[in-house]
Amino acid sequence: MSTHPSRRFLLAIAAVLTTSAAVLTPANHTALAAAPADNARSDVGIAATTFDDEFNAPAGTPVDGSKWNMETGDNVNNHERQYYTNSTSNAVHDGQGNLVITARRENPGNYNCWYGRCEYTSARLNTSGKFSQAYGSFETRLKMSRGQGMWPAFWLLGGGNWPTDGEIDIMENVGFEPNTVHGTLHGPGYSGSGGIGAGYSIGSPFADGFHTFRVDWSPNKIVWSVDGNAYQTRTPADLNGNRWVYDHGFFVILNLAVGGYWPGDPDGSTPMPNTLTVDYVRVTNDTSGGGGGTGGRITGIGGKCVDVAGAATANGTAVQLYDCNGTAAQQWTVGSDGTIRALGKCLDVTAAGTADGTKIQLYDCNGSNAQKWRVEAAKDIANVGANKCLDATGGSSANGTRLQIWTCTGAASQKWNVG
């Protein structure tokens with residue numbers, strides 16, 4: 001068993017905490033009060049994207065203020081060492097599709113912290129007052145910071161009355177455990193050392209590459225996963241009679257802390273500056289609870305159905321438009337894992353291509369980004385690997401028209417009704 005404190009609420013509120021966590025390995029894992037109303041499920045019968053930041057702004061661009069708040073100040077409650085700023089020195093787009101959060105050993109503003117003159121700066125972003133949601137999938141893809149004393153996290157808070165309003169830690173890591181991340185629930189009667197959670201370990205440091213962290217949250221169930229591997233499920237039965245408070249809107253937080261009771265302070269081995277590189281943050285309103293999804297036909301231009309040519313199941317079978325006929329070749333399931341499936345196989349971008357005009361096929365499901373799709377509220381279906389839209393070639397609605405990926409334009413050939 002290992003112990004760690006959870007991430008805490010906005011800098012002025014929260015107590016010093018620790019959380020008990022069992023560690024699983026791939027081998028054994030089988031709003032603040034002013035926040036807007038929770039996003040409701042759309043009526044298309046399928047998951048829609050409700051919050052999305054792909055961090056594709058030009059290099060040097062600050063955080064998008066329409067989506068995120070930049071917190072400022074220190075955090076006495078966890079005895080962290082950083083002062084959070086709203087400077088592009090600590091959070092900025094890199095021009096390569098990422099937001100880079102940087103912790104620095106500096107004090108350019110002569111900031112004062114709980115322990116005296118601050119020794120470090122960093123950044124913490126939240127969506128309070130801009131976005132909150134009850135239920136759905138909450139996902140980020142990021143490359144971890146590394147080193148003693150570093151404490152990155154992706155997490156959710158249910159409001160300003162902690163722990164009564166609840167906290168969902170999707171991913172926390174401390175530098176002295178480079179191969180392990182933690183997911184935890186905190187609520188009334190199970191905060192601090194009574195937090196309900198587990199860890200997930202891999203065979204190399206998470207900082208060596210990008211990894212995807214996600215929770216799938218449905219009524220009375222939350223599922224944690226790393227790189228598509230579900231490693232923990234929690235329900236009210238896990239709370240030992242305490243209250244399940246995960247039935248209202250939570251907002252999103254991303255941050256990189258330095259030091260604190262759980263990670264300990266940096267030392268001479270800690271790299272500085274130290275970065276947390278975030279590829280994206282995405283939220284959908286899928287409430288299938290992880291691994292599931294909803295099914296039905298997908299119709300596009302001319303009212304034609306997305307169809308597996310000849311109802312064949314061989315790898316490489318063309319995916320096309322065809323008159324809707326109710327056959328299994330036109331029955332698609334959109335899962336909370338981002339896949340779109342028919343006949344037991346996945347909608348796939350040929351050779352994981354990214355160029356305009358790359359054709360779509362049916363292929364064995366393999367977990368790659370070529371098979372991950374975002375169903376947008378605007379009726380676009382976007383491929384994650386290429387960041388391009390599902391498109392009917394030539395804007396045609398004729399039977400047999402091949403489907404492809406193309407730069408998203410909003411054209412009729414890229415609009416889809418799902419379910």
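Fully extending the segment from Thr313 to Asn112, taken as 0.36 nm per residue of separation minus the present Cα-Cα distance, adds 65.9 nm.
For Ile170, neighbours were defined as the other residues whose beta-carbon sits under 9 Å from its Cβ, and their charges (Lys and Arg +1, Asp and Glu -1) total -2.
Couplings for segment 348-364, taken from phi via the Karplus curve 6.51 cos²θ - 1.76 cosθ + 1.60 with θ = phi - 60°, read 9, 8, 3, 6, 6, x, 10, 6, 3, x, 5, 7, 9, 9, 9, 7, 3 Hz in order; Gly and Pro are left as x.
Between beta-carbons, use under 15 Å as the cut-off and find the net charge around Gly316, counting Lys and Arg +1, Asp and Glu -1. Here the charged neighbours net out to +1. At an R0 of 22 angstrom, the distance between the Cβ atoms of Lys67 and Ala377 translates into a FRET efficiency of 0.90. Placing dummy labels 7 Å off each Cα toward the beta-carbon, the span from Ser397 to Asn417 is 1.1 nm. Legend: ranking of residues Leu99, Leu343 from fewest to most surrounding C-beta atoms inside 10 Å; resulting order Leu343, Leu99.
Tyr111 sits among other residues whose Cβ lies under 11 Å from its own Cβ, and their net charge, with Lys and Arg +1 and Asp and Glu -1, is -2. Derived scalar couplings between HN and Hα for segment 302-313 equal x, x, 7, 9, 5, 9, 8, 4, x, 6, 7, 10 Hz in order, rounded to whole Hz, by the Karplus curve 6.51 cos²θ - 1.76 cosθ + 1.60 (θ = phi - 60°), x for Gly and Pro. Amide hydrogen proximity for Val258: with H placed 1.01 Å from N in the peptide plane, the residues at 5 or more positions away or on another chain lying under 5 Å are Arg81, Gln82.
Pop a pseudo-label 7 angstrom from the Cα along the beta-carbon direction at both Gln331 and Thr350 and give the gap in nm to one decimal. The answer from the label model is 2.8 nm. What is segment 348-419's relative contact order, in percent, from Cα pairs under 8 angstrom and six or more apart in sequence? It comes to 31 percent, rounded to a whole number. Calculated from the structure, mean projected area of the Cα convex hull in nm² equals which of [x] 21.6; [y] 29.7; [z] 19.8? Read-out from the structure maps to [z].
If the segment from Ser193 to Thr88 were pulled out straight at 0.36 nm per residue, it would be longer than the present Cα-Cα gap by 34.3 nm.
No value in this document is a laboratory result; all are computed from the given coordinates. These figures come from a predicted structure and were not determined experimentally. All Cβ positions, glycine included, derive from the backbone under ideal geometry; neighbour counts span all protein chains shown.
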